[in-house]
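None of the figures in this text is laboratory data; all of them are computed from the coordinates on show. This one's a predicted model, so the numbers in the text were calculated from it and none came from an experiment. Glycine gets a Cβ as well: all are built from the backbone with ideal geometry, and neighbour counts include every protein chain shown.
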Amino acid sequence: MKRDAVAYLNTRKKGDFAAQKGDVEDFCKYRFQIVEIFHDHRATATPPEKRKGFSEMLAFCAANNCPDIIIYDLAGLAKDPDAGLAALKTLNEHYTVYCVNNDFFGFRDEPEQRRAAIGNFIEYMEQYRESGRKAAPTVSKKTKKDDGRPIGRPRALNEGQVEALLTVRQAGTSISQICRMFDVSRSTVSKILADYPELKGEWKGARQEPEE
């Protein structure tokens, strides 16, 4: 028996809504009955909680006791990774969230275990960000040459940071977002992903070209 669910789409380009709606319908074909679709357009830079469609979705779910929410992918929740994780954490406290694309949490037919898996991912990312702030290297008194250029090579990511980078990339986070999140260059990210060719390809089907 299908479970009632709502869908939330946050689109950037003309035509995205129709394409994503079709993917959502295919995803839900055997598990969910979509009772309402909420939509924000070109609102990626706005925190989810301040968007009209996102707020209406939360109000609808609360009023109609709808426990399941379908989103297109994690990267589409917000342009800023921290805002996206915060939104996912808020949703996960009250609802079971399912991703149409790049869903690595598993337990699609076991809501409680799925929410636990999402909670573990969020906790891991929060711990990583906190440890990254605590482990920030002490700035040397002489960090630049006389012409103002930095001395030495940039600090490489440690194993834990590389693991976190791969995790968020698998979740669909763009290379540009990853560069801001980890404060590294695109070339550093590309070198790490060179050993993981499946993470360098396209993310959202044939309609989207791979990011260069």
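Annotations
- Positive contributions from Lys and Arg (+1) and negative ones from Asp and Glu (-1), summed over other residues with Cβ under 15 Å from the Cβ of Leu166, come out at -1.
- Over 19 Å [Cα-Cα, the range 71-132], rounded percent: 25 percent
- When the pairs Lys13/Lys50; Lys50/Lys200; Lys52/Lys89; Lys13/Lys200 are compared against a 29 Å limit on Cα-Cα distance, Lys50/Lys200 fall above it.
- Ranked packing of 181-191, 18-28, most packed first, by mean Cβ within 10 Å: 18-28, 181-191
- Within the shell defined by Cβ-Cβ distances under 15 Å, the residues around Ser55 carry a net charge of -1, with Lys and Arg each +1 and Asp and Glu each -1.
- Per residue, the average separation of C-alpha pairs within less than 8 Å and at least 6 apart gives the range 1-125 a relative contact order of 25 percent.
- Between the range 164-195 and the range 1-67, the Cα center-to-center distance that results, in Å: 27 Å
- If you take the alpha carbon atoms of the range 15-55 and fit the smallest convex hull around them, that volume is 81 Å³ per residue.
- Rounded, prolate or oblate (a/c below 1.5 giving rounded, otherwise prolate when a/b exceeds b/c) for the range 10-123 by Cα gyration tensor: rounded
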